[in-house]
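Some notes on the structure that comes next.
The values are calculated or read from the model by the stated rules, or taken from the named source; none is laboratory data. Owing to the predicted nature of the structure, the values given are computational and were not obtained by experimental measurement. Glycine also receives a Cβ, built like all others from the backbone with ideal geometry; neighbour counts cover every protein chain displayed.
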Amino acid sequence: MKLTKLKIGKNETPGNLLLAPMADVTNLAFRLLCRQNGADLTYTEMISVDALLNENQKSLLKGLSSPEDRPFGVQLVGSSPEKLREAALFIEDEYRPEIIDVNMGCPAKRITGTGCGSALLNSRTLVYEIISELTEVLKTPVTAKIRIFENDEKTLEIARLIEKAGASALTVHGRKARQMYSGSSDLKAIRSVKKELSIPVIANGDIRDEESAEVTLDFTGCDGLMIGRAAMGNPFVFKRIRHYLETGEKLEVDRQAQQLEDFKNYIALLEKYNLCSSTNLRMHAHWFTKGLCGSRQLREKINILKDGKAIIELIKNSSKEELGLTRLN
Ligand SMILES: Cc1cc2nc3c(=O)[nH]c(=O)nc-3n(C[C@H](O)[C@H](O)[C@H](O)COP(=O)(O)O)c2cc1C
């Protein structure tokens, strides 16, 4: 039994499987779906503090969460301690999440260009200031998500600093910012951080199945596993990994049927929470049909449909045979 409880600040979850924050992916409907499949804690996609503090853009927060969406973390992206504080206080007051996380890992130019995401890690002072200010004013536990440095000692320095500033947990994606998503996640670097800190450390990067989950847990000794890309169009990955960590056995599933069923459930949740118009359904349709027999023809069909509504109608009203997903992989 390798699935263990995870305690972050005052919150304890029965297991230690987390859904990573992912822009354009981890909306409320997708988080609920991952939760139904066994994710213990889920994060919103990063929310820019500038957008959040702009009255005209507050509508972007429509459908951010719901009472069933618990426990959840809100991830903020910003570089000004004052703005982060103001945005975090607003989120705490309005949504009462279990966790407020600061994005210190995003390597995308549009984010680092404004000094946010992984660019924050270039200033130890700023990192300390942001985390200590947030932990001082919030009742909600504060966490951070970082990437590793070229030099292991620098990674440890930043990790120690984040702990000292009062963070309740730290997530480490074992890639350097310059790697973007190339190469592989460095489990040794994650293990060094885990050894160094007393707060929970969450391992992230390349956890895609039962084996990689087990290896990451065993090798790093981390307190939790955060899963990102492997969950895109495949929330069932949580059920598989959870089952394996609990029993040592693998779940046998008809992937063809499972993914389509999950996609139908996803659409039902998008409709229930009025999120269809803000979701790129074509992209999600590609992920949910990836790797399935007959998926190429289905994707071609989807590509010529006019909009999200048409995609919904097609998926909702067709059986897997009608969609051409008939053979097993
Ligand atoms: C489409 C996409 C969007 C992402 N958006 C965010 C984000 O909003 N905040 C964040 O901290 N990381 C973001 N990430 C990084 C993931 O949270 C995660 O650290 C990374 O994908 C490595 O984990 P994985 O190998 O399990 O995917 C994103 C990744 C992807 C693929």
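Kindly evaluate Ser182 against the criterion of being small (Gly, Ala, Ser), outside the structural domain of Thr279 (by TED's automatic domain parsing) and either surrounded by 14 or more Cβ atoms within 10 Å (Cβ to Cβ) or more than 20 Å from the chain's Cα centre (by Cα) (or both). Give the derivation first.
Numbers: small (Gly, Ala, Ser): yes; outside the structural domain of Thr279 (by TED's automatic domain parsing): yes; either surrounded by 14 or more Cβ atoms within 10 Å (Cβ to Cβ) or more than 20 Å from the chain's Cα centre (by Cα) (or both): no.
No; evaluated as a whole, the condition is false for this residue.
Taking Thr114 as the residue in question, decide whether it is more than 16 Å from the chain's Cα centre (by Cα), modelled with pLDDT of 95 or more, under 21 Å from Met180 (Cα atoms) and not acidic (Asp, Glu).
Numbers: more than 16 Å from the chain's Cα centre (by Cα): yes; modelled with pLDDT of 95 or more: yes; under 21 Å from Met180 (Cα atoms): yes; not acidic (Asp, Glu): yes.
Yes, satisfied.
Out of the residues in region 187-205 that are surrounded by fewer than 22 Cβ atoms within 10 Å (Cβ to Cβ) and part of a loop (DSSP other than H, G, I, E, B), state the one that is farthest from the ligand (Cβ to nearest atom). Once the filter is applied, the top-ranked residue is Ser198.
Which count do you get for residues in region 145-180 that are in a loop (DSSP other than H, G, I, E, B), farther than 24 Å from Lys5 by Cβ and more than 15 Å from the ligand (Cβ to nearest atom)? Within region 145-180, residues that are in a loop (DSSP other than H, G, I, E, B), farther than 24 Å from Lys5 by Cβ and more than 15 Å from the ligand (Cβ to nearest atom) number 4.
Among the residues of region 36-54, count how many are in contact with a Leu (Cβ under 8 Å, 6 or more places away or on another chain), away from the ligand (no atom under 11 Å from the Cβ) and modelled with pLDDT of 95 or more. The qualifying residues number 6. Write out, first by first residue and then by second, each pair whose Cβ atoms fall under 6 Å of each other, whose residues are 6+ apart or on separate chains, and whose first residue, in region 117-133, is modelled with pLDDT under 95 while the second is surrounded by fewer than 18 Cβ atoms within 10 Å (Cβ to Cβ). Partner pairs satisfying both residue conditions: none exist. The number of residues in region 236-247 being within 13 Å of the ligand (Cβ to nearest atom) and in contact with an Asp or Glu (Cβ under 8 Å, 6 or more places away or on another chain) comes to 2. Beta carbons closer than 6 Å, at least 6 apart along the sequence or on distinct chains, pair a first residue in region 68-92 that is within 20 Å of Gly9 (Cα to Cα) with a second that is among the small types (Gly, Ala, Ser) and in a helix (DSSP H, G or I) for Leu76/Ala87. Just to be sure, is Thr26 buried (at least 23 other Cβ atoms within 10 Å of the Cβ) and in a strand (DSSP E or B)? Spelling it out, it is not the case that Thr26 is buried (at least 23 other Cβ atoms within 10 Å of the Cβ) and in a strand (DSSP E or B).
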